[in-house]
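Asker: One structure coming up, written as structure tokens, with questions to follow.
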């Protein structure tokens with residue numbers, strides 16, 4: 001994840017390494033027509049909206065009170081904005097289910113990672129996410145070479161300011177096949193505070 005200012009060794013000594021706080025959530029359509037037309041209920045439009053709102057209110061976001069980090073660690077005052085995109089429903093029985101369950105166990109602890117990716121706006125960030133989710137570009141091609149067959153990805157993005165733009169990292173968990181008769185995704189935004197060593 002994007003914690004470039006914090007030494008990895010310090011991160012390992014803090015438990016937990018970070019604290020997530022939820023902000024907004026919604027449901028979006030993954031249908032081709034909705035996303036090609038960029039309708040308000042499309043995944044791209046909903047993701048852009050939640051990212052923009054979270055960025056606009058980042059200055060007012062407060063880290064959790066109390067001892068959220070371990071005793072020798074403190075909550076870093078600057079948070080990252082986070083975005084999760086997860087299929088709403090999954091198939092129960094299908095060919096290749098065992099493979100997808102195995103990938104879920106593997107990638108839940110070691111997600112596929114992409115980035116850092118730099119962009120000038122939230123729309124550019126969600127365009128990158130859309131390309132990856134459709135197997136387009138270098139990152140999309142790499143993802144679907146690993147999360148193949150009927151297995152479905154779940155996406156987690158963290159975003160930080162980078163001058164006049166943004167820099168994002170993407171983690172992907174590959175798991176059970178989504179139910180395309182529903183064809184919708186749960187999308188949520190939030191804030192992530194790193195736990196760092198005191199002093």
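Residue-wise test of (1) more than 19 Å from residue 111 (Cα to Cα); (2) loosely packed, with under 15 Cβ neighbours inside 10 Å; (3) touching a helix residue (DSSP H, G or I) at 6+ places or on another chain (Cβ under 7 Å); (4) free of Cβ contacts under 8 Å to residues at least 12 places away in the same chain.
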position	(1), (2), (3), (4)
135	no, no, yes, yes
140	no, no, yes, yes
155	no, no, yes, no
159	no, no, yes, no
163	yes, yes, no, yes
171	no, no, no, no
184	yes, no, no, no
199	yes, yes, no, yes
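Asker: Could you check residue 131 against (1) modelled with pLDDT of 95 or more; (2) part of a helix (DSSP H, G or I); (3) surrounded by 14 or more Cβ atoms within 10 Å (Cβ to Cβ) and say which number it fails?
Answerer: Going through the list (1) modelled with pLDDT of 95 or more; (2) part of a helix (DSSP H, G or I); (3) surrounded by 14 or more Cβ atoms within 10 Å (Cβ to Cβ), residue 131 breaks only (1).
Asker: From the set of residues in the stretch 173-182 that are in a loop (DSSP other than H, G, I, E, B) and in contact with a helix residue (DSSP H, G or I) (Cβ under 7 Å, 6 or more places away or on another chain), which is surrounded by the most Cβ atoms within 10 Å (Cβ to Cβ)? If you could, list the steps in order and put the result at the bottom.
Answerer: Of the residues in the stretch 173-182, the ones in a loop (DSSP other than H, G, I, E, B) are 176-177, 179-182.
Right, trim to in contact with a helix residue (DSSP H, G or I) (Cβ under 7 Å, 6 or more places away or on another chain) and you get 176-177.
On the way: 176: 20, 177: 18.
So, considering only residues that are in a loop (DSSP other than H, G, I, E, B) and in contact with a helix residue (DSSP H, G or I) (Cβ under 7 Å, 6 or more places away or on another chain), the one surrounded by the most Cβ atoms within 10 Å (Cβ to Cβ) is 176.
Asker: Among strands (runs of 3 or more DSSP E) lying entirely in the stretch 1-88, which contain 1 or more residues that are at pLDDT 90 or above and surrounded by 12 or more Cβ atoms within 10 Å (Cβ to Cβ)? Walk me through it before giving the result.
Answerer: On the way: elements: 18-29, 73-75, 80-87.
So the answer is 18-29, 80-87.
Asker: Given the criteria within 24 Å of residue 153 (Cβ to Cβ), outside any helix (DSSP H, G or I), free of Cβ contacts under 8 Å to residues at least 60 places away in the same chain and over 20 Å from the mean Cα position of the chain (by Cα), does residue 95 qualify?
Answerer: Working: within 24 Å of residue 153 (Cβ to Cβ): yes; outside any helix (DSSP H, G or I): yes; free of Cβ contacts under 8 Å to residues at least 60 places away in the same chain: yes; over 20 Å from the mean Cα position of the chain (by Cα): yes.
Yes; evaluated as a whole, the condition is true for this residue.
Asker: Given the structure, is residue 113 touching a helix residue (DSSP H, G or I) at 6+ places or on another chain (Cβ under 7 Å) and under 16 Å from residue 84 (Cα atoms)?
Answerer: Working: touching a helix residue (DSSP H, G or I) at 6+ places or on another chain (Cβ under 7 Å): no; under 16 Å from residue 84 (Cα atoms): yes.
So residue 113 fails the test.
The values are calculated or read from the model by the stated rules, or taken from the named source; none is laboratory data. What you are looking at is a predicted structure, and each value in this text was computed from that prediction instead of being measured. Reconstructed Cβ throughout: ideal geometry from the backbone, glycine too, with neighbour counts over all protein chains shown.
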